[in-house]
1. Using the Cα centre of the chain as the reference point, and only Cβ charges (+1 on K/R, -1 on D/E), how large is the resulting charge dipole? Debye, rounded to the nearest 20.
2. Over segment 224-297, what relative contact order in percent results from Cα pairs under 8 Å that are six or more residues apart?
3. Given Cα positions, please report Rg to Rh for segment 138-223, the hydrodynamic radius being the Kirkwood one.
4. Using Cα pairs under 8 angstrom and six or more residues apart, how large is the relative contact order of segment 11-73, in percent?
5. Which residue fluctuates the most in the chain, going by a Gaussian network model with Cα springs under 10 Å, if the choices are Ser127, Ser307, Ser73?
6. For the chain, what is the calculated [θ] at 222 nm in deg cm²/dmol (nearest 500), taking -39500 (n - 2.57) for each run of four or more DSSP H residues and dividing by its residue count?
7. Between [x] 46, 27, 19; [y] 40, 24, 22; [z] 34, 25, 21, which entry matches semi-axes √(5λ) of the Cα gyration tensor in Å as derived from the coordinates of this structure?
8. Mind ordering 370-377, 426-433, 236-243 by average Cβ neighbours within 10 Å, highest first?
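We did not get these values from a lab; they are worked out from the coordinates using the rules stated. Quick caveat, the model's predicted, so the values are computed rather than measured. Virtual Cβ from ideal backbone geometry, glycine too; neighbours counted across all protein chains shown.
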Amino acid sequence: MNKYKLEKPDFISIDTTEVLKKFTENPGNKYPFIMQVSEPEYFYWDEVKFRPTPPDMNHIEFWYLVKQIRKLSSRPTFLIAENGIPFVWLRLTYTDEFLHKIDTHTGGQIFATHEAISQENRQKFISRGILEEAIASSQLEGANTTRQAAKQMILEKRQPRNKSERMIINNYNTMLALDQDYKKKELSHELLFELHHLITKDTVPANEQYRYRRDSDDIVVNNTKYITHVPPNESFLKSQMDRLIIYANGKERGRFVHPIVKAIFLHFWIGYLHPFTDGNGRLARALFYWYLLKNNYWTFMYLPISSIIKKSPVQYSNAYIYTEQDDLDLTYFYDYHMRKIMKSIDEFNIYFDKIVNENKQIDSLLGKKYILNERQKQLLHYLLAEDEYAYVTVSSHRTLNRIGRITAAKDLKYLTKMNLLTTKRVGKFIHYYASEVLKNLNK
C-alpha cells in the first residue's frame with residue numbers, strides 16, 4: 001500500500017519574482033482573493049484551484065502568492081516534526097471573535113445565555129455529553145454499532161458483547177474518569193498509560209499497554225486505499241512525549257497560548273506522534289477534554305465534539321494530512337477543529353431550547369395536579385415522544401441523570417404512584433412505560 005501524497009502544483013513553471021512584483025505593485029486587488037481562500041475556511045490547493053483568482057494571475061501563480069503570505073504571517077509552535085522543523089500556525093482573523101464567543105459560553109461558568117440551568121440539569125447535560133462523545137469517538141475509530149444500541153447498553157449497564165461495544169464502554173469510562181478524577185492531575189507518562197489502558201481495555205493485547213509504540217510494531221495509519229501517515233520513529237517519539245508532557249502542564253517557555261488553541265494542538269500532537277499501537281485517536285480526543293477540564297472549561301463536557309467530527313470524517317482526516325504535508329501548517333487542523341467547536345455550541349443551544357420547551361409542555365399538560373422535578377418531567381416527555389414500546393429502567397434513569405439508585409427508584413415509584421407510569425417485569429428487570437392516564441393527557 002502506497003503512502004498518500006497531496007497533489008502539489010509545480011512552481012517551476014511560473015516566474016515567482018514576477019508574481020511577487022504583481023503583488024507589491026497592487027496588493028489591494030490581491031488581498032480580497034487571498035482572504036476568500038483562508039476564511040471562513042482555510043483551503044488547500046485542491047480547493048484553491050477552483051476558486052477565483054486576481055485578473056492578472058493564473059491559479060498556480062495565485063497559490064504561490066497565497067503560500068508566501070501564509071508563511072510570512074505564520075508563527076512557530078512548540079510542536080516539532082520528525083525532521084526537526086516546528087509546526088507553524090496562522091492566527092486567522094476570526095480567532096479572537098471565536099475565542100471570545102467560546103469564553104462567553106464556556107469556562108468556569110454556566111452558559112451565559114442559560115442562567116436558569118439547575119444543578120440537576122447540569123448533571124444531565126454532562127451525562128448526555130459524555131454518553132454521546134463516548135459513542136461517536138469510538139465510531140470514528142471503527143466501532144460498528146448503532147448509536148441507539150450503544151446508548152441503551154450504557155444506560156442499562158449491559159455488558160458489552162463484542163469489541164465495538166467494548167470500545168464504547170471503555171471510552172465512556174474514560175470520559176467519566178476525566179470528569180471525576182484525572183482533571184485534577186498533571187499529565188505524566190504514568191497518567192498517559194492509565195488513560196490508554198482505560199481506552200483499550202480488553203481490545204488490545206496486554207503487552208501493548210503501559211508502553212509506547214516501538215519501531216518493531218510497524219504501525220502505520222491507513223484508509224482503504226492509502227497509507228495516510230507513517231508515525232515518527234520510537235527514538236523521536238520518546239523525546240517528544242517528554243516535551244508534550246511539559247507543554248500540557250504549562251511548563252514550556254514562550255508566549256501565552258489560549259487554552260482552546262492549546263487543547264487543539266495537543267489533540268493534533270497525539271495524532272501525529274501516534275504513541276501507542278492502537279487507541280491513539282480516542283486518546284487524542286480524551287486529552288483534548290482533559291486539558292480543557294483542567295483549565296476550568298468544565299462546560300465542554302456538555303459538548304460531544306466527536307459527534308460533529310463524525311459527520312465529516314474525511315475532512316477530519318484531511319486536516320491531519322494537509323498539516324503534515326503542506327509545510328507543517330497546523331492552521332488546517334486548528335481551523336477544522338475550531339469550526340467544529342462552534343458548531344457543537346450551536347447544536348447544544350438548540351438542544352437546550354428544546355429541553356426548555358419540553359418542560360413547558362409537560363407543565364402545561366399536567367397542570368398543577370402533579371409536582372414533579374426536572375428529571376421526572378424529562379422522563380415523561382421522553383416516553384411520550386417515543387413509540388409505544390419505549391421504556392426506562394432504574395439503571396437507565398440513574399445513569400443518564402448521574403444520581404444514586406435510591407433516588408432513581410424513588411423518582412420512578414412516585415410517577416407510578418401518580419398513575420403516570422406502568423410497570424412490566426422483564427427477566428430480573430422492571431421496565432417503566434407511559435401509562436394510559438399519561439397518554440390520555442397528551443391527546
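1. Numbers: 63 positive and 52 negative charges, 416 e Å.
So the dipole magnitude of the chain works out to roughly 2000 debye.
2. Details: 40 pairs, mean separation 24.4, N = 74.
RCO, segment 224-297: 33 percent.
3. On the way: Rg = 14.4 Å, Rh = 14.4 Å.
A ratio of 1.00.
4. Numbers: 33 pairs, mean separation 27.9, N = 63.
Relative CO of segment 11-73 lands at 44 percent.
5. Comparing Ser127, Ser307, Ser73 in the GNM, the peak value goes to Ser73.
6. -17500 deg cm²/dmol
7. It is the value labelled [x].
8. Numbers: 370-377: 17.2, 426-433: 13.5, 236-243: 15.6.
The peptides rank, most packed first, as 370-377, 236-243, 426-433.
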